[in-house]
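Read the structure below first, then the notes.
The values are calculated or read from the model by the stated rules, or taken from the named source; none is laboratory data. Remember, predicted model here, so these are calculated numbers, not experimental data. Cβ coordinates were reconstructed from backbone atoms using ideal geometry, including for glycine residues, and neighbour counts include every protein chain displayed.
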Amino acid sequence: MSDVMIPAGGDDGGRILDEPMSEALSRRYLAYALSTIMHRALPDVRDGMKPVHRRIMYAMGDMRLTPEAAARKCAKVVGEVMGTYHPHGDQAIYDALVRMAQDFAQRYQLVDGQGNFGNIDGDNAAAMRYTECKLTPAAMMLLDGIGENAVDFRATYDEQDEEPVVLPAGFPNLLANGAMGIAVGMATSIPPHNVTELIDACRKLLAKPSTTLDELLEIIPGPDFPTGGVCVEAPANIHDAYRTGKGSIRTRARYEVEDLGRGAWRIVVREIPYQVQKSRLIEQLAGLIEAKKAPLLGDVRDESDEQVRLILEPKSRNIEPEVLMESLFKISDLETRFAVNMNVLDATGTPRVMNLRECLTAFLDHRREVLQRMSQWRLDRIEKRLHLLDGLMIAFLNLDEVIRIIREDETPKQTLMARFALSDMQADYILDTRLRQLARLEEMSIRAEHDKLSKERDELIDLLGDEKKQWKRIDQQLVEARKKLMSARRTTFADAPSGFEVAAIESYLPKEPITVILSKRGWIRAAKGKVEDPSELKFKEGDELGFLVPGFTTDKLLIFTSDGRFLTLGCDKLPSARGHGEPLRLMLDIDEGAQIVDLFMLTPGAKRVMVSKSGYGFVMNEDDAVANKRAGKQVLNTDGTEAFAALPVHGDHIIVLGENNKLLVYPVSELPEMARGKGVKLQAYKDGGVKDIAVADLSQGAVWYDGSGKARDFKDVEDYIGRRASAGRIAPRGLRRLRI
């Protein structure tokens, strides 16, 4: 259906719009995408807030939940936010509020939560009806000036109220607390930082606007995660991430070795990587022990209270602590990578990726605009007060006359305005002033207030007219913010230990001989030792032996399928041969319709000739066939046909037999060595493709097989030597196969 008919109002359903379905869907999906980007997922570079966080902050400020006030039920706050500002689910609002109160999630908490707000184990917070909250001093700094025209306001969703477009933001919250979000077609991931370093970098930019990114990175060496940890990412990689706005940063747990005496020791983990749940980490480590994937780790237990304390006990006291930890860092969440993607909304609401310097500059520009708006707001207030004081001074100096006019005149306001040249505002102010208050007023107090406000007015006018003074005032504000938020760095930096190699996990597994058995229907198992008589093997009814491959438990099994894909399976993961095994398709993602072409153990450095049914191929190193994913790795481009073989290179010549019964022999060196691709033509055909192919060492002689499977010496093999991609000659009479 290409068109869609949409009713558009009216008693009878309204008029009908004929519109292509593609255009209708595109327009609506684009609107949804923009809504997600602008109003849900990406933070504003100026205050580091997404709309839900900004609305929570503003609502709590409006409810006067200051640090000095008593806390209120979170349900009350959530209800206010949902009803007035954020027309979405209450749980989404509460989850955002809870995160702002968690010391392991926020570097600088914006909500002071009272009650159960969850923990680093991953336990959820209590229901909102049980918890209470109020703002923190850091949050008040973000809201400072919100009532002094510091920022623009817009109508709420129901146009019954107003909400701020952005918060004044007294410190660089975007980088201080970081942000994460997933929109349509884009995402953001910004790590937390130490606000002391951020403010020092801002002040450096104020003192020297030409400060380069490298100079800023001398002040800000990297993230400062709430949970601490040790950053082991190379400084060059960190600098690249901050220069481009994209990258990743590797962080690992902080640990210490506890001496138990008599050569015994254990590892005590004090800090874990950011956003890693402690309970899941323990489950992961326990699972590695059970699956024998962490052969150096003997036991793990949790002795944490308010502070993290994980105990890791080695399998043997002879193991080096560094070797144990390096092996665990490789296979567990004791080491993680934090993806950096500094994708934000700029001052115009446009999403873009910024580097560190651009983020700091955008914050400073915002602070200057806030300063100008607040100064102008204060100046307007002072001008109004001075104007009223001028009228009050006139009234005080002519108090008897003013009283007489008020008592006797029928229109005292107009008379006062005409008699003393007062403005409408001054006349109203005098008339609204109580007589007893006016009687107590003294000329000195009025003049003192007037002089004080006049001085402040002159300073504000001077400030608004001088850019240098504005930046100086911003610098002073940053110094005050630095004093209030100063805290020691939690995440430290170190180089990953060097000087020793941590062996692969396979090297710790017991090396035992096995025989891999794969049936034609795809059931796989591993028998201990060598299978002497394959005829004694039992299979499910209707099934039979497909492949029988000897190896060891430490080997990797390579599976080559007809769609040109290699899949990898560790032999230690194979089921026992006590039963019929397990379906290979449950262990790996094998495409439906693909058949197993070959099965063999990985021999590092060994080479194989990859051959497609259409007669193309190349030489490949077996190391390039290893895949880390269940879906494997596409190696041979079959170009619409099927993969035919993956032959080990145990000779110097290739012998190709075509379906046209022509035979061609040429050196293996004529084939290119590639990691993946289609390869080159092996033999020319008018019709058909490869019937059989072999690799042989002609100096040792070659054989071929007749219809009965009997091997025959290939004495005249040299007569078939030609150039690669030629047609070859008719094969010897009786030749059926080149290999068994």
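Here are a few things to note about the model shown:
- Exclusive hit being under 22 Å from K472 (Cα atoms) and either under 32 Å from the mean Cα position of the chain (by Cα) or modelled with pLDDT under 95 (or both), set E335, E358: E358
- When Y85 is tested against (1) at pLDDT 95 or above; (2) in contact with an Asp or Glu (Cβ under 6 Å, 6 or more places away or on another chain), exactly one condition is not met: (1).
- Boolean, H239 is in contact with a helix residue (DSSP H, G or I) (Cβ under 9 Å, 6 or more places away or on another chain), of a type outside the set (G, A, S) and part of a helix (DSSP H, G or I): yes
- In the stretch 317-367, the residues that are part of a helix (DSSP H, G or I), closer than 30 Å to Q284 by Cα and touching a helix residue (DSSP H, G or I) at 6+ places or on another chain (Cβ under 9 Å): S327, L328, K330, I331
- Just one of the listed residues (P273, P235) is out of contact with any Cys (no Cβ under 9 Å at 6 or more places or on another chain) and either of a type in the set (A, V, I, L, M) or modelled with pLDDT of 95 or more (or both), namely P273.
- Selection status of S708, exposed (fewer than 14 other Cβ atoms within 10 Å of the Cβ), assigned to a loop (DSSP other than H, G, I, E, B), in the same structural domain as A627 (by TED's automatic domain parsing) and of a type outside the set (A, V, I, L, M, F, W, C): yes
- Cβ-Cβ contacts under 6 Å between residues 6 or more apart (or on different chains), taken from a first residue in the stretch 147-163 that is on the phi < 0 side of the Ramachandran plot and exposed (fewer than 12 other Cβ atoms within 10 Å of the Cβ) to a second residue that is of a type in the set (V, I, T) and part of a loop (DSSP other than H, G, I, E, B), are listed as D152/V165; R154/V165.
- Residue match in the stretch 41-59 (condition: at pLDDT below 95, over 17 Å from T156 (Cα atoms), part of a helix (DSSP H, G or I) and small (G, A, S)): yes
- Of all residues in the stretch 209-226, those that are part of a loop (DSSP other than H, G, I, E, B) and over 17 Å from the mean Cα position of the chain (by Cα) total 6.
- Residue in the stretch 194-230 that is farthest from T350 (Cα to Cα), counting only those that are surrounded by 23 or more Cβ atoms within 10 Å (Cβ to Cβ) and touching a Lys or Arg at 6+ places or on another chain (Cβ under 7 Å): G229
- Qualifying residue in the stretch 295-315 (condition: modelled with pLDDT of 90 or more, assigned to a strand (DSSP E or B) and within 30 Å of D44 (Cβ to Cβ)): no
- Filtered residues of the stretch 652-682 (kept if outside any loop (DSSP other than H, G, I, E, B) and acidic (D, E)): E670, E673
- For the stretch 243-277, filtered to residues that are among the hydrophobic types (A, V, I, L, M, F, W, C) and surrounded by 19 or more Cβ atoms within 10 Å (Cβ to Cβ), the residue that is farthest from the chain's Cα centre (by Cα) is I267.
- Set V626, V597, V611: member being in contact (Cβ under 8 Å) with a residue 60 or more places away in the chain and more than 38 Å from the chain's Cα centre (by Cα): V611
- Any hit, the stretch 724-735, residues being over 60 Å from the mean Cα position of the chain (by Cα), modelled with pLDDT of 85 or more and either assigned to a strand (DSSP E or B) or closer than 21 Å to P648 by Cα (or both): yes
- Any hit, the stretch 553-564, residues being surrounded by 18 or more Cβ atoms within 10 Å (Cβ to Cβ), in a helix (DSSP H, G or I), in contact (Cβ under 8 Å) with a residue 40 or more places away in the chain and in the same structural domain as E642 (by TED's automatic domain parsing): no
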